[in-house]
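First comes the structure, then the notes that go with it.
Read-outs throughout are calculated quantities, based only on the coordinates presented, and are distinct from any laboratory measurement. As the structure is a computational prediction, the values presented were derived from the model and not from experiment. Positions of Cβ are generated from backbone atoms using ideal geometry, with glycine treated the same way; all protein chains shown enter the neighbour counts.
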Amino acid sequence: MLTAAPPPAPYTAVGLGRDPRTQSSTPGESFTDRKRFATMTHTIKGAEIARSIRTRVAERVAAAGGQVPGLATVLIGDDPASAVYVAAKRRAVREAGMRDIHRHLRHQATQNEVAAVIDELAGDPDVSGILLQLPLPAQLDAAPLIDRIPVTKDVDGLTTASAGRLARGERGMRPCTPNGVIELLDAEGIELQGAHVAVVGWGQLVGRPLSQLLLRRGATVTVAHEFTADLTAVTRPADVVVVATGVRGLIGPEHVKPGATVVDVGIHRTPDGLAGDVRAAELDGIAGRITPVPGGVGPMTIAMLLVNTLQAAEWGAERDAVPA
Ligand SMILES: NC(=O)c1ccc[n+]([C@@H]2O[C@H](COP(=O)([O-])OP(=O)(O)OC[C@H]3O[C@@H](n4cnc5c(N)ncnc54)[C@H](O)[C@@H]3O)[C@@H](O)[C@H]2O)c1
């Protein structure tokens, strides 16, 4: 595993009940009272942890010698946000010493044209992994296109086959953002076995696969979504709260137990820069640890894409290790 060395942990999420700073907290108390018992909020430095993972990936690529992993990115249309994301991924690939392969199709590309490009990359031995940048233009049906990616090259972990392998606990590619969240929690030395983790959001990209990964790690997982009647009742008892809803500023101090770890997956472009799904400033002095936006989960997503590409190259070399 490419886990960064854990920094000293003042305390872990599990065992908070034994922490004298939190024992006085009761459900009815005011936020001011809660702040009195809380401690300094530690910012989880996702960018640093991601950099350390990327460095180790680059070292592994260099050590492997001639067999250079290759990532193929497929971008359709000219959506500015997608173009920025793909450019960042391609830059990271080159910095890791991997082969950067790119296909850019016009916005009006047909289902058959995109399918043909994916099939070509699927058959190319120089391509270790294929990433189809989402969202796709409205005329395209994403699911069947994603499912054309062979499971051994599915570096985004979004094919039906990879989702099935995750659900069954079989060897397979794990989606980058949820995998990055797990790496962050591991890097912080947060014990997941036995911890109560609330996952807010049940999306295909983040919440759903993340809840599976957390269950596999022995956490007790509660999943909330847009129809959850009482969100606070779900998140407030949790040792770790992970938020991936796309609703800016959804989570505030009323949702978080003093000392809990808060992971903010949301990304929103605002006139003042990037913002998340969590009102981070209001959690200062309440949360034990929190991921910033930017500089938290975002950089981990790219780092885990490199880890998956390296994995795909190793599976490519083994060929029959993960039957397609
Ligand atoms: N940091 C990264 O690298 C990264 C990567 C992928 C996605 N994201 C971000 O994560 C967020 C979620 O992405 P996604 O693709 O899973 O989204 P999605 O739209 O597929 O899912 C959103 C989920 O949030 C839930 N939800 C919506 N409103 C809610 C509410 N008021 N209370 C509780 N739950 C609510 C919905 O029920 C749904 O399950 C987005 O902001 C996206 O930009 C970030």
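When the trypsin sites (Lys or Arg not before Pro) in region 44-112 are filtered for DSSP coil states and for at most 11 other beta-carbon atoms within 10 Å of their beta-carbon, the remaining sites are Arg106.
For region 245-324, applying the loop criterion from DSSP together with a ceiling of 13 other beta carbons within 10 Å to the trypsin sites (Lys or Arg not before Pro) yields Arg319. As a calculated quantity, the FRET efficiency between Ala142 and Gln67 at R0 = 22 Å, using C-beta atoms, amounts to about 0.10.
For the chain, the longest principal axis of the alpha carbon atoms and the long axis of helix 46-64 meet at an angle near 30°.
Taking only Cα atoms, what is the 0 to 90° angle, nearest 10, from helix 297-318's long axis to the longest principal axis of the chain? Relative to the chain, helix 297-318 is tipped by roughly 40 degrees.
A Förster radius of 51 Å combined with the Cβ-Cβ distance from Thr41 to Asn112 puts the calculated FRET efficiency at roughly 0.45.
The simple Förster model, with R0 at 41 Å and r as the Cβ-Cβ distance, assigns Arg91 and Gln193 a FRET efficiency of 0.65. Rounded to the nearest 10 degrees, the angle from helix 176-187 to the longest Cα principal axis of the chain is 50 degrees.
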